1. Can you tally the net charge around VAL325? Count Lys and Arg as +1, Asp and Glu as -1, for every other residue whose Cβ sits under 11 Å from the Cβ of VAL325.
2. Could you give the spread of the C-alpha atoms of the stretch 267-398 along their three principal axes, from largest to smallest, in whole angstroms?
3. So, with a 1.4 angstrom probe, what is the percent of accessible area on the stretch 267-319 that is carbon and sulfur?
4. Hey, got the dipole for the stretch 288-346? About the Cα centre, +1 on K and R Cβ, -1 on D and E Cβ, debye to the nearest 20?
5. Per Stokes-Einstein, at 10 °C and 1.306 mPa s, what whole-number D in µm² s⁻¹ belongs to the stretch 264-318, with the Kirkwood radius over Cα pairs as the hydrodynamic radius?
6. Zone of SER167 (label point 7 Å along Cα→Cβ, backbone N under 14 Å): which residues in the stretch 323-337?
7. Exceeding 29 Å between C-alpha atoms, which entries from my cross-link table qualify? They are LYS219/LYS297; LYS249/LYS378; LYS160/LYS249; LYS160/LYS378; LYS108/LYS230.
8. Given a 1.4 angstrom probe, what's the average accessible area per residue across the stretch 272-398, in square angstrom?
Amino acid sequence: MAIVGKPLLDIDIVDEGLETGQLQSVTGDQLNIDGVIDEAKESIKSNIQQSQQSVSASNTAIEEQQPQTPPAAKANLIATPAVRQLLKQYNISISDVPGTGKGGRVMKEDVERYIYSSRQEPRSATSVTSSESPTSSPVVESTGNDLIARLSPVESQMFKVMTRSLSIPHFQYTHSVGITAFASSSAKFSANKAINILTTSEQSSSSIPKLTPLPFIMKGLSQVFKQFPKLNSNLDTTTDPDHPRLTLKASHDFGIAGDTPQGLLVPVIRQVQNYSVIKLAAEIKRISSLAREGQLKPEDFQNATFTISNIGSIGACGAVGPIIVAPMVGILGVGRILDVPVFRTDEFTGVEQIVKEQQVVLSWSADHRIIDGATVAKAAGMLEALLSSPDTLGLILG
């Protein structure tokens, strides 16, 4: 084999003592230099071709070994850090879990469903390092078909808050409110192009908020609290337990409790008193979108002055018993809209007849250490009157 940089062949120089005939004999018969050089050239060319073929074959093998991820499989590679931690704990590939979230996002429920269906054994609880959050991994052990679960971060926080709420004596009040007039106001709003232009920076139907009863209820509550400010207050029982203090809040900052893929979340909409009904609808849409996508920040949940539980959004239609979250002194549960038969007297003929009316059940809970039953009943009556005539709340001005 010819080696680059090395001599191709060695030629011994004939001693000067040799005669001319002898030199010609050695050169022509024994060395045959021209033939050797040609043979060496052919050998070098052959080696170069073999090397090129070997490199080409290696590159082809490497390309064949690299997995090609189809576009459809890339869609479910999106997940939050908490979900990835759960996947890591169970040694699950995210590509194996079907994602049900937006854009194929893998949610916590998707992973738990996969774990339950496969009955995959988790790591031993003793193998969890101290640097891991105690609530970052819901499932820590399994026994047969049963799963022993650790509370998620949302569930853990709810456990703490509700445990503190056990010390609050709840006064509860429930009533049905007719909101048939709401449907008429909503239809007027949808048909009014001038209102649509005034309430959105983009003349696009996708940016116009949907007008549901919730912004009307929020605006109505804000008006009620101007007459009954104790309902929008915080009770401090820890600074001086013997002398509790009640702070009447100037700003109406309402926490809106709702169900999300992460669990029960209560983001806060601040300064409701400064919003119109339409602006409240737009803010509800924005907050709800952030909650579903898991993009809310810690400060979005802090310092609420009153809570509204929109339990009707997931189907609850009757009376409920919402739980007060300290230091607030009240909460309102909003049921689903129902069509119910009611008696009405015709104003022209005086004949009583049965008509269909839309109603929603409102369930109040108040801290009975501070709020008496009469205050709640009066506030509920005022809110009912406002919701029965939603036009009085205004659609543009706050």
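The values are calculated or read from the model by the stated rules, or taken from the named source; none is laboratory data. Only a predicted model underlies this, so the values are computations on that prediction, with no experimental measurement involved. Every residue, glycine as well, gets a Cβ built from its backbone with ideal geometry; the counts of neighbours run over all protein chains shown. Heads up: the accessible areas ignore ligands, DNA and RNA and are worked out on the full protein's heavy atoms, side chains in. Shrake-Rupley method; radii C 1.70, N 1.55, O 1.52, S 1.80 Å.
1. Net of charged neighbours comes to +1.
2. The Cα atoms of the stretch 267-398 stretch 59, 36, 30 Å along their principal axes.
3. 49
4. Here the stretch 288-346 has a charge dipole of around 80 debye.
5. Diffusion coefficient, whole number: 128 µm²/s.
6. It comes to 325-328, nothing else.
7. Among LYS219/LYS297; LYS249/LYS378; LYS160/LYS249; LYS160/LYS378; LYS108/LYS230, the Cα-Cα distance tops 29 Å for LYS160/LYS378; LYS108/LYS230.
8. I get 50 Å² per residue for the stretch 272-398.
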